[in-house]
1. Ranked from highest to lowest mean number of other Cβ atoms within 10 Å per residue, what is the order of the peptides 123-131, 41-49, 76-84, 90-98?
2. Pull out the extension gain between residue 18 and residue 34, defined as 0.36 nm times the separation in residues minus the alpha carbon to alpha carbon distance; nm, one decimal.
3. Once you place label points 7 Å from the Cα toward the Cβ at residue 122 and residue 58, how far apart are they in nm?
4. Specify the inter-centroid distance of segment 31-53 and segment 80-100, based on alpha-carbon positions, in whole Å.
């Protein structure tokens, strides 16, 4: 009986949620402190902050947000996707890289309200991954 209880506790407390899963606090994502909960996203979003290419856990992807402005740029591991339905709820959509929207070092060239978000990892084409899950409605065509 005691062994079964110990085994159950180990399984319960050693599991981390995947990048992109819902959360309320960081320990919902990982009790090891290696993942954060972005509570500014609907129902929270488990992330890793400050990633480098190839460093994200599971199948997640490293994305540089505001890459056009090195002073404001931030890197996060994000949930991968091939289409909107791959994201966990309709509150999220599959964001595809838009190299044409980026003018590194020249933010004044970006359209108003746009940011340059760069995929730093190479998605696995065999998995059909083309982007990452972000909040909001998909951009108009």
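We did not get these values from a lab; they are worked out from the coordinates using the rules stated. Please read all numbers here as calculations on a predicted model, not as lab measurements. No Cβ is skipped: glycine too gets one built from the backbone with ideal geometry, and neighbour counts run over all protein chains shown.
1. Ranked by mean Cβ neighbours within 10 Å, highest first: 76-84, 41-49, 90-98, 123-131.
2. On the way: separation 16, 0.36 × 16 = 5.76 nm, distance 1.18 nm.
Roughly 4.6 nm would be gained on extension.
3. 2.4 nm
4. 17 Å
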